[in-house]
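So the structure is just underneath, and the comments pick up after that.
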Amino acid sequence: MTSPTDADWRRALSRFVNVIPHTRELGLEVLEASPRLTRMRLPWHEDLLGDSARGLVHGGVLTMLLDTACGSAVLPALPAPEVCPTLDLRVDHFRPAVAGLDLLVEARALRVTASVVFTEGRVWQSGQGDVARAVGNFVRLGPRNTPPEFAQALFAEENDHA
């Protein structure tokens, strides 16, 4: 395969987040994907509430969103897709996310080494400003520990059944 375009990466990361049961069920949508930036949207729904009396989103939702976005940003930053589980994720919460508004997240890979990919991400709500940020480190398992069909599954055509 030739070098993937940003549109190829958007489709690949959409496929990636739709394989994960909770992100699929929550409707996480990939808006933009490239080696420079990954941007996603989590549509609002009541299941995101942690404090229904005050209308506040559960902090675990923000952590999941940042982990998914940062992990997704790793893939286009690598020379070839490989499995890279979360090694460490630190989340700083600036203010509560409120009911009724979608959650937007963007992440980028800051540095790729032979063993670790360093990332950062942020979550915000339209008109409300930043809600949280994260610094995430992902361990590179390399080609030896990545199934050969991993990249093929990411970039499979819609009508493929790979």
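Summary of values
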quantity: Options Leu42, Leu31: the member that is surrounded by fewer than 18 Cβ atoms within 10 Å (Cβ to Cβ) and over 26 Å from Thr113 (Cβ atoms); calculated: Leu31
quantity: Qualifying residue in the range 128-144 (condition: among the basic types (Lys, Arg) and modelled with pLDDT under 95); calculated: yes
quantity: Residue tally, condition surrounded by 18 or more Cβ atoms within 10 Å (Cβ to Cβ) and in a strand (DSSP E or B), over the range 50-73; calculated: 1
quantity: In the range 116-146, residue nearest to the chain's Cα centre (by Cα) [restricted to those that are loosely packed, with under 11 Cβ neighbours inside 10 Å and either among the charged types (D, E, K, R) or assigned to a loop (DSSP other than H, G, I, E, B) (or both)]; calculated: Ser126
quantity: Boolean, Val91 is in a strand (DSSP E or B), modelled with pLDDT of 95 or more, under 19 Å from Asp8 (Cβ atoms) and out of contact with any Asp or Glu (no Cβ under 6 Å at 6 or more places or on another chain); calculated: no
quantity: The range 105-115, subset surrounded by fewer than 19 Cβ atoms within 10 Å (Cβ to Cβ) and hydrophobic (A, V, I, L, M, F, W, C), residue farthest from Ala73 (Cα to Cα); calculated: Ala114
quantity: Of all residues making up the range 104-162, the number that are under 18 Å from Glu82 (Cα atoms), in contact (Cβ under 8 Å) with a residue 60 or more places away in the chain and not hydrophobic (A, V, I, L, M, F, W, C); calculated: 8
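Yes/no per residue for (1) among the β-branched types (Val, Ile, Thr); (2) closer than 23 Å to Arg39 by Cβ:
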{"site": "Glu120", "(1), (2)": "no, yes"}
{"site": "Arg133", "(1), (2)": "no, yes"}
{"site": "Val139", "(1), (2)": "yes, no"}
{"site": "Pro147", "(1), (2)": "no, no"}
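For (1) touching a Phe, Trp or Tyr at 6+ places or on another chain (Cβ under 9 Å); (2) free of Cβ contacts under 8 Å to residues at least 24 places away in the same chain, each residue gets a yes or a no:
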{"residue": "Pro4", "(1), (2)": "yes, no"}
{"residue": "Ala12", "(1), (2)": "yes, no"}
{"residue": "Asn18", "(1), (2)": "no, yes"}
{"residue": "His22", "(1), (2)": "no, no"}
{"residue": "Glu25", "(1), (2)": "no, yes"}
{"residue": "Leu28", "(1), (2)": "no, no"}
{"residue": "Ser34", "(1), (2)": "yes, no"}
{"residue": "Leu37", "(1), (2)": "no, no"}
{"residue": "Pro43", "(1), (2)": "no, no"}
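The values are calculated or read from the model by the stated rules, or taken from the named source; none is laboratory data. Everything quoted here is computed from the prediction, not taken from an experiment. Virtual Cβ from ideal backbone geometry, glycine too; neighbours counted across all protein chains shown.
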